[in-house]
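Engineer: Below you will find the structure I want to go over with you.
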Amino acid sequence: MPLFGKSTKGPAEVVKALKEAVNSLEKGDKKAEKAQEDVSKNLVLIKNMLYGTSDAEPQADIIVAQLAQELYNSNLLLLLIQNLNRIDFEGKKDVAQVFNNILRRQIGTRSPTVEYICTKPEILFTLMTGYEHQEIALNCGTMLRECARYEALAKIMLYSDDFYNFFRYVEVSTFDIASDAFSTFKELLTRHKVLCADFLETNYDKVFSHYQRLLNSENYVTRRQSLKLLGELLLDRHNFTVMTRYISNPENLKLMMNMLKERSRNIQFEAFHVFKVFVANPNKPKPILDILLRNQEKLVDFLMRFHTDRAEDEQFNDEKAYLIRQIKELKPIQGH
Amino acid sequence: MKMASHRENNIANYQIISILGHCFNQLAVVQLAKFIPTGAMVAIKKFDMDKIKEAYLVESEIILTRQLNHPNIIKYIVAFVSGPQVCVVSPLMAYGSCRDLLSRHFNEGLCEPAIILIIRDVLDALDYIHKKGYIHRAIRGSHILISDNGKACLAGLRYACPIVLNGKWQRSIHSFPSTTERNLNWLSPELLEQNLKGYNEKSDIYSIGIVVCELSNGIEPFAGMSKTLMLTEKVRGYAPSILDSTTIPRDENIESGGDCEISTNILNRRFSDDLHEITNLCLHREAYDRPTAGQLLTHPIFKNNKRLLPLPELLKPALPLSDRVGYDTV
């Protein structure tokens, strides 16, 4: 070991040293303090190999390739994530940075780390349960969103039972964790259009019964964010089947009509963007049409006075005018 | 589920005592409050989410601040939702911001020892932020808060941006911070120029130079100037300075007596050569010529600070907002 200058440890040695340190941290034996120090030190070494520092370039590709291979073979990524709560504050962030860099690794069109994680889905499940623990939630969040960029990994997460825990995480009382969980939740439901549409169609009942709870949440931010996301999901053409199903249910229409009258202007506005889909539907099922007809005059009256101060928002005003015209022209279905 | 103890997440556990100020373009209010279970005095910042369009800014500031851990960076104890408000609880910074101190007590600037102590703390925070891979992008007097024992804490992280993007440490950044109008006077020429070269963490060092001027002169350079003129001046390399007998041309001022009156106090005072030097170092036109935060901290001006009086002494007659003062203003 040189007394001055950079350590000359190669990837294999650093990975080995880090693994030993994490193992002894896990055991929590007498040497825990030393282990903590070793974990931090080796994490920084790995991080610097991958990213470089403000005055050193990252290591050559060959070294990074060796490092990645060592990480896969030693199963260290999973071990680090499982012990994340035991690693110190800065070390937790270093784990996330190392993980995110290795995840992006490419050989031609292949993403070897993504392939590796597909064979070790525990990594994803462990990350998802990270939201249960306040001290690691945000670190796990950054890694999860990085994973969600890859369709194969997003699919594993969406179709796992753990996905439904997100409906709880996005509502926790700690604002930063709830917000972070919502970003991940949104990424999973919107990033890969075809995958998401398939998922929502196949799991429509389960997803939307959970979703209903978010829309009725007592937490203002949750209610507003989930309403906004609902609008985005329904208006995405990939989700046409899901949208058709959603706007055929009179309970959903009633909920939106109530939200149009909420005290919060932002919620009213987001509700408008879901409500308009019900009205614009050219093939309204009878129960939907009945509700609209029963409230025809009240709705027209209400919409005339709805957010009149948004004069500069042309699209909104056009849409509003369109809805008013549509509702005015509604007629009961002839015949039976 | 293990979450922050529920006492801290419940607005009912805070007794509001007075309003400390507003921020976020008046859409957030900062209140002095007592955390009833322990009696601790805290500051609660309440964002009115129904009025704020850029909700993501509130989110990103809270998430970033929660992931930083440094004695000279504002600490958020907890953030939670209450009605349509997001509430952020932090320890009380009893002297308020440097901007408050300048406006209320030191219109012509702070004394040199006070400036040195504050800037050293801010540089410590900045060195940490840069090493963690962020550029602050809004270093200014109003984002530097002073605690009752005289520690300076950096706040205002909603303008910060990551240096690490797409899994790589970027050599330069090109994004322009949003809603940054009020910070423009402090921003570096290369950030304002928005050209292909972009900018890096040295941009914050330029802002440090402007803050040294702000703390010394009582007001930031370029204040009251049109934005375009400010930009032109910065880009053509005009470097502001701290005002004292060495930087104000004497006869010119005595004769003119016209549009800018400078007090004799400012005309006669003398800052040290070291303070002039670090100001100039920070305000170099080319980012490359500016030192890093870490390098600045090794400057002789920050050595032997133990001989200086503690900051609370130097800030007199300004007094910290003690529990007592707080109750009196109910």
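Engineer: How much FRET efficiency would the formula 1/(1 + (r/R0)^6) give for A:Y322 and A:E26, where r is the Cβ-Cβ distance and R0 is 60 Å, rounded to 0.05?
Structural biologist: Values: r = 61 Å, r/R0 = 1.02.
The pair A:Y322/A:E26 has a calculated efficiency of 0.45.
Engineer: Is the C-alpha gyration tensor of the stretch B:96-322 telling us rounded, prolate or oblate? Criteria: a/c under 1.5 is rounded; beyond that, a/b larger than b/c is prolate, otherwise oblate.
Structural biologist: Values: a/c = 1.72, a/b = 1.24, b/c = 1.38.
In terms of gyration-tensor shape, oblate.
Engineer: Moving to a separate point now. Tell me, what ³J(HN,Hα) does each residue in the stretch A:259-272 have, in order and in whole Hz, if you take phi through Karplus 6.51 cos²θ - 1.76 cosθ + 1.60 with θ = phi - 60° and put x for Gly and Pro?
Structural biologist: Result, ordered by residue: 6, 4, 9, 4, 5, 6, 5, 5, 5, 3, 5, 5, 5, 4 Hz.
Engineer: I've got another one for you. For Cα pairs less than 8 Å apart in space and 6+ apart in sequence, what is the mean separation divided by the residue count of chain A, i.e. the relative contact order in percent?
Structural biologist: Working: 326 pairs, mean separation 29.6, N = 336.
Normalised by residue count, the contact order of chain A is 9 percent.
Engineer: Give, rounded to the nearest 20 debye, the magnitude of the charge dipole that the protein assembly as shown has about its Cα centre when Lys and Arg contribute +1 at Cβ and Asp and Glu contribute -1 at Cβ. Don't jump to the answer; show the numbers that get you there.
Structural biologist: Details: 82 positive and 80 negative charges, 323 e Å.
In total the dipole reaches around 1560 debye.
Engineer: Between B:Q26 and B:L196, what length in nm is gained on full extension when 0.36 nm per residue of separation is reduced by their alpha carbon distance? Present the calculation step by step, with values, prior to reporting the outcome.
Structural biologist: Details: separation 170, 0.36 × 170 = 61.20 nm, distance 3.45 nm.
57.8 nm is the gain from fully extending B:Q26 to B:L196.
Engineer: Measure nothing but the geometry: give the 0 to 90° angle between the long axis through the Cα atoms of A:193-202 and the longest principal axis through the Cα atoms of chain A, rounded to 10°.
Structural biologist: The helix A:193-202 is inclined about 70 degrees to chain A.
Engineer: Mind listing which GluC sites (Glu not before Pro) in the stretch A:206-305 are in a DSSP loop and have 13 or fewer other Cβ atoms within 10 Å? Can you show the working numbers first?
Structural biologist: Working: sites: A:E218, A:E232, A:E251, A:E262, A:E270, A:E297; in loops: A:E218, A:E262.
Those satisfying the criteria are A:E218.
Engineer: Another one. Name the long-range amide H neighbours of B:S82: under 5 Å, sequence gap of 5 or more, or other chain; modelled H, no Pro or chain starts.
Structural biologist: Under 5 Å from the amide H of B:S82 lie the amide H atoms of B:C87, each far enough along the sequence or on another chain.
Engineer: A further question follows. Can you bin the stretch A:194-335 into rounded, prolate or oblate? Criterion: square roots of the alpha carbon gyration tensor eigenvalues sorted a ≥ b ≥ c, rounded for a/c under 1.5, prolate for a/b above b/c, oblate for the rest. Write down the numbers at each step before the final one.
Structural biologist: On the way: a/c = 1.64, a/b = 1.19, b/c = 1.39.
It comes out oblate by the Cα gyration axes.
Engineer: A follow-up question, please. Work out from phi, with θ = phi - 60° and the Karplus expression 6.51 cos²θ - 1.76 cosθ + 1.60, the ³J(HN,Hα) of each residue of the stretch B:67-72, listed in order in whole Hz, and give x for Gly and Pro.
Structural biologist: Coupling constants for the stretch B:67-72: 9, 10, 9, 8, x, 9 Hz.
Engineer: Could you pull out the GluC sites (Glu not before Pro) across the stretch A:102-188 that fall in loop regions by DSSP (anything but H, G, I, E, B) with no more than 10 other Cβ atoms inside 10 Å?
Structural biologist: On the way: sites: A:E115, A:E122, A:E132, A:E135, A:E146, A:E151, A:E171, A:E187; in loops: A:E135, A:E171.
Counting only loop positions with at most 10 other Cβ atoms within 10 Å, none of the GluC sites (Glu not before Pro) in the stretch A:102-188 qualifies.
Engineer: Using the number of other C-beta atoms within 10 angstrom as an exposure proxy, rank B:W186, B:W169 with the fewest first. Show your work: numbers first, answer last.
Structural biologist: Values: B:W186 27, B:W169 21.
Ordered by Cβ neighbours within 10 Å, fewest first: B:W169, B:W186.
Engineer: Please turn the phi angles of the stretch B:47-60 into ³J(HN,Hα) values with the Karplus equation 6.51 cos²θ - 1.76 cosθ + 1.60 (θ = phi - 60°), one per residue in order, whole Hz, x for glycine and proline.
Structural biologist: Whole-Hz 3J(HN,Hα) from phi for the stretch B:47-60: 9, 8, 5, 6, 9, 7, 7, 8, 4, 5, 5, 4, 4, 5.
Engineer: If you average the sequence gap of Cα pairs under 8 Å that are 6 or more apart and divide by the length of the stretch A:129-191, what percent do you get for the contact order?
Structural biologist: Here the relative contact order equals 38 percent.
Engineer: Once amide H atoms are placed 1.01 Å from N in the peptide plane, what residues at a sequence separation of 5 or more from B:L92, or on another chain, have their amide H within under 5 Å of its amide H?
Structural biologist: Amide H neighbours of B:L92: B:A43.
Engineer: Once a ≥ b ≥ c are taken as the square roots of the eigenvalues of the Cα gyration tensor of chain A, is the result rounded (a/c under 1.5), prolate (a/b larger than b/c) or oblate (a/b not larger than b/c)? Kindly include the intermediate steps, with their values, before the conclusion.
Structural biologist: Values: a/c = 2.91, a/b = 2.72, b/c = 1.07.
Here chain A falls in the prolate category.
Engineer: Using 7 Å Cα-to-Cβ label points, what is the B:Q170/A:L293 separation (nm, one decimal)?
Structural biologist: Computed distance between label sites B:Q170 and A:L293 equals 5.7 nm.
Engineer: For A:R224, A:R305, what's the fewest-to-most ordering of other Cβ within 10 Å of each Cβ? If you can, show how the numbers build up before the last one.
Structural biologist: On the way: A:R224 23, A:R305 7.
Final ranking by Cβ density, sparse to dense: A:R305, A:R224.
Engineer: What residues qualify as long-range amide H neighbours of B:A40, i.e. H under 5 Å apart, gap of 5 or more or another chain, H built at 1.01 Å from N?
Structural biologist: HN-HN under 5 Å from B:A40: B:F35.
Engineer: Give me the distance in nm between label points sitting 7 Å out from Cα along the Cα-to-Cβ direction at B:N280 and B:R236, one decimal.
Structural biologist: 2.2
Engineer: Separate question: If you take the charge dipole of the stretch B:164-308 about its Cα centre, with +1 on Lys and Arg Cβ and -1 on Asp and Glu Cβ, which of B:S272, B:A239, B:L196 is farthest toward its positive end?
Structural biologist: Highest projection toward the positive end goes to B:L196.
Engineer: Ok, one more. Number of Lys pairs in the stretch A:174-329 with C-alpha atoms less than 18 angstrom apart, excluding same-chain neighbours closer than eight positions?
Structural biologist: 24
Engineer: Another question about this same structure. Hey, if you put +1 on the Cβ of every Lys and Arg and -1 on every Asp and Glu Cβ in the protein assembly as shown, which of A:I156, B:I63, B:W186 ends up farthest toward the positive end of that dipole?
Structural biologist: Selected residue: A:I156.
Engineer: Could you let me know the centre-to-centre spacing of the stretch A:157-191 and the stretch B:99-170, using Cα atoms, in angstrom?
Structural biologist: Between the Cα centres of the stretch A:157-191 and the stretch B:99-170 lies a distance of 33 Å.
Engineer: Run through the stretch A:259-302 and list the trypsin sites (Lys or Arg not before Pro) located in a DSSP loop whose Cβ has at most 13 other Cβ atoms within 10 Å. Mind showing how you got there, number by number?
Structural biologist: Numbers: sites: A:K261, A:R263, A:R265, A:K276, A:R294, A:K298; in loops: A:K261, A:R263.
Counting only loop positions with at most 13 other Cβ atoms within 10 Å, the trypsin sites (Lys or Arg not before Pro) in the stretch A:259-302 are A:K261, A:R263.
Engineer: If you don't mind, another one. Multiply the residue separation of A:A311 and A:A65 by 0.36 nm, subtract the distance between their alpha-carbon atoms, and state the gained length in nm to one decimal. Intermediate values should be presented prior to the final figure.
Structural biologist: Values: separation 246, 0.36 × 246 = 88.56 nm, distance 5.72 nm.
My answer for the length gained is 82.8 nm.
Engineer: Sticking with this one: Please arrange A:T308, A:T222, B:T292 by counting, for each residue, the other beta carbons lying within 10 Å of its beta carbon, fewest first.
Structural biologist: Result, fewest neighbours first: A:T308, B:T292, A:T222.
Engineer: Students often forget the sequence filter, so: which lysines lie under 23 Å Cα-Cα from B:K197 once same-chain residues fewer than 8 apart are removed?
Structural biologist: Reachable lysines: B:K131, B:K132, B:K168, B:K227, B:K234.
Engineer: Can you tell me the dipole magnitude for the stretch B:96-185 around its Cα centre, using point charges on the Cβ only (Lys, Arg +1; Asp, Glu -1), in Debye to the nearest 20? Provide the component values of the computation, followed by the final result.
Structural biologist: Details: 12 positive and 8 negative charges, 98 e Å.
Using Cβ point charges on Lys, Arg, Asp and Glu, the stretch B:96-185 gives about 480 debye.
Engineer: What is the extension gain from A:A17 to A:K254, computed as 0.36 nm multiplied by their sequence separation minus the C-alpha to C-alpha distance, in nm to one decimal? List each step's numbers first, then the result.
Structural biologist: Values: separation 237, 0.36 × 237 = 85.32 nm, distance 6.06 nm.
Full extension of this stretch gives 79.3 nm more.
Engineer: Restricting to DSSP H runs of at least four residues, report the calculated mean residue ellipticity at 222 nm for the protein assembly as shown, -39500 (n - 2.57) per run over all residues, nearest 500 deg cm²/dmol. Walk me through the numbers on the way to the answer.
Structural biologist: Values: 32 runs with 340 residues, N = 666.
Roughly -15500 deg cm²/dmol at 222 nm, from the helical runs in the protein assembly as shown.
Engineer: Which Cα, out of A:L293, A:F199, A:L323, lies furthest along the positive dipole direction of the stretch A:194-335 (beta carbon charges, K/R +1, D/E -1)?
Structural biologist: Working it through, the farthest residue towards the positive pole turns out to be A:L293.
Engineer: For A:V44 and A:D301, what does the FRET efficiency come to when R0 = 51 Å and r is the distance between their Cβ atoms, rounded to the nearest 0.05? Working shown, then result.
Structural biologist: Values: r = 65 Å, r/R0 = 1.28.
Between A:V44 and A:D301 the formula returns 0.20.
Engineer: What's the magnitude of the charge dipole for chain B around its Cα centre, counting Lys and Arg as +1 and Asp and Glu as -1 at the beta-carbon? Answer in Debye, nearest 20. List each step's numbers first, then the result.
Structural biologist: Numbers: 36 positive and 35 negative charges, 255 e Å.
Using Cβ point charges on Lys, Arg, Asp and Glu, chain B gives about 1220 debye.
Engineer: So what is the relative contact order for the stretch B:11-91, in percent, with contacts set as C-alpha pairs under 8 Å and at least six apart? All intermediate terms of the calculation are to be shown ahead of the outcome.
Structural biologist: Working: 132 pairs, mean separation 19.8, N = 81.
With pairs under 8 Å counted, the relative contact order is 24 percent.
A short reminder: the numbers here are calculations on the coordinates, not readings from a lab. Please read these numbers as outputs of a predicted model, since none were measured by experiment. Backbone-built Cβ (ideal geometry, glycine too); neighbour counts: all protein chains shown.
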